[in-house]
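This report refers to the structure that appears directly beneath it.
The values are calculated or read from the model by the stated rules, or taken from the named source; none is laboratory data. Being a predicted model, the structure only gives us computed values, none of them experimental. Every residue, glycine as well, gets a Cβ built from its backbone with ideal geometry; the counts of neighbours run over all protein chains shown. Just the protein is used for accessible areas: all its heavy atoms, side chains included, with ligands, DNA and RNA removed. Shrake-Rupley method; radii C 1.70, N 1.55, O 1.52, S 1.80 Å.
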Amino acid sequence: MIPNSSRKRQRPPHHHASAIVEAFPHRTISESSQKLPRTSSSFNDPSTADVILRFFTDRSPFDSSNPSDSARHSDLQIYLHSRVISRAKYFSTLLSDRWQHQANNHNAGHDSRTIANCNNMFHLNLGVHDDPTVHLTVLQLLYTYDFPTVIASASTALEILPVALELLFEDCVKACVKFLEAVPWSEEEEKRVLSLIPLLREEESKELLARVSPGEDDFCEEMLHGLIEKAMYSQPNMAFVKVFVAKLLRDFSSRESARRVLERAFDANLRIVKESLEQYSSPDFRGDHNETEAIQRLHLHTAMTNGRHLLWLVEMMIELKVADSAVKQWSEQAAFTVDLQKAFRDDAWRNIVPGLPAVMLRCTCKLASAVAAGTILSSRQVLLLLQFI
């Protein structure tokens, strides 16, 4: 489902918010949320504030959790400024003259959805299901607009986005969506993105929806895989084409798709190199001697050619930080190592493919260096196994 872009954004029905006139307990954010930095001198400043916002726990009648667990977060109030929080359309509407007039008319009938302006101070209530930390973060962003610093991971963007949608904080919504478009997601994060797409406008959700659409993902991956094969096998000027394909991979929106394409090409090339060296190390001498020698040369040339492609793939995977599976697979090639040793004990390779040992060693060194530098997350056992390749 994609919302119609011509319709106004509706607040998601996750929380109930209201403005209620009542005597508030004198418990503030400074007492309950010290872990949030004061990014602006005006945020939560009672000396200049004209709005008191109180959080209360909006419990569902079907919620089986202990009421005392949520009591810790109830009656938490902070001091805000109407000119700042009006950047969010929810507060802008709530504090508008039209809303205040309607609320005051309802107040005569003791309606609970009212707004009070006592001594030039607005008293508002905002319902939350649980810990209001994310709400406090979004409120601080109304003051600082420091989106690049706060939104530093996909999980953070996915926590902030529902609250920004709830408060109709458009700039924060755009910042979260833009960040999610540019970073890879885990499977769990992809599920959360899918759940939020219906709450976004069509133009906002277009790029996100393209990444989670299976048909389009398959098409893009097949296109990338075809380009990689063309770069390695079908072009006379492979270096130029490899540079072009490498740029496409760097700029590709879905890091997971790039990972799958590179791993697929890595598996195929590693298999060819292993089979070529295995056949070279265990030749069939039943045929003519010259024919056998020609076949042996072909095996070595095949191993050398695909070894160079393998090195390029390893370099790309390390650069894109998607080499976790490759380094584990490379460290488990005990039989491949034996075949390499057999091949290198034979002097014939020196005249045919003198650069083959260097290519294999460069693959191992690059993977081991990436693991040691922390670019690739891997176990100590994998690093030890790489020393024997």
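Looking at segment 137-152, can you tell me whether even one residue there is more than 18 Å from K89 (Cα to Cα) and in contact (Cβ under 8 Å) with a residue 60 or more places away in the chain? Taking every residue of segment 137-152 in turn, at least one turns out to be more than 18 Å from K89 (Cα to Cα) and in contact (Cβ under 8 Å) with a residue 60 or more places away in the chain. Within segment 209-228, one or more residues are touching a residue at least 60 places away in the same chain (Cβ under 8 Å) and open to solvent by 20 Å² or more (accessible area, probe 1.4 Å). Going through (1) out of contact with any helix residue (DSSP H, G or I) (no Cβ under 6 Å at 6 or more places or on another chain); (2) within 23 Å of Y233 (Cα to Cα) one by one, G307 falls short only on (1). If you take the residues in segment 221-278 that are of a type in the set (S, T, Y) and assigned to a helix (DSSP H, G or I), which one is farthest from the chain's Cα centre (by Cα)? Filtering segment 221-278 for residues that are of a type in the set (S, T, Y) and assigned to a helix (DSSP H, G or I), the one farthest from the chain's Cα centre (by Cα) comes out as S276. From the residues in segment 60-101 that are among the basic types (K, R) and not in a loop (DSSP other than H, G, I, E, B), which one is modelled with the lowest pLDDT? Checked segment 60-101; the qualifying residue modelled with the lowest pLDDT is R98.
Take L161 and tell me if it is open to solvent by less than 10 Å² (accessible area, probe 1.4 Å), free of Cβ contacts under 8 Å to residues at least 40 places away in the same chain and closer than 15 Å to S253 by Cα. In short, no.
Pairs linking a residue in segment 303-320 that is more than 10 Å from V359 (Cα to Cα) to a residue that is aromatic (F, W, Y), with Cβ atoms under 6 Å and 6 or more positions apart or on different chains, are L313/F266. Among the conditions (1) surrounded by 15 or more Cβ atoms within 10 Å (Cβ to Cβ); (2) at pLDDT 90 or above, P148 misses just one, which is (1).
Conditions tested, residue by residue: (1) farther than 14 Å from A265 by Cβ; (2) modelled with pLDDT under 90; (3) open to solvent by less than 30 Å² (accessible area, probe 1.4 Å).
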{"residue": "V314", "(1), (2), (3)": "no, no, yes"}
{"residue": "K321", "(1), (2), (3)": "yes, yes, no"}
{"residue": "V327", "(1), (2), (3)": "yes, yes, yes"}
{"residue": "A334", "(1), (2), (3)": "yes, yes, no"}
{"residue": "T337", "(1), (2), (3)": "yes, yes, yes"}
{"residue": "Q341", "(1), (2), (3)": "yes, yes, no"}
{"residue": "D346", "(1), (2), (3)": "yes, yes, no"}
{"residue": "N351", "(1), (2), (3)": "yes, yes, no"}
{"residue": "P357", "(1), (2), (3)": "yes, yes, yes"}
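Of all the listed residues (K191, K206), the sole one being at pLDDT 85 or above, part of a helix (DSSP H, G or I), of a type in the set (K, R) and under 23 Å from the mean Cα position of the chain (by Cα) is K191.
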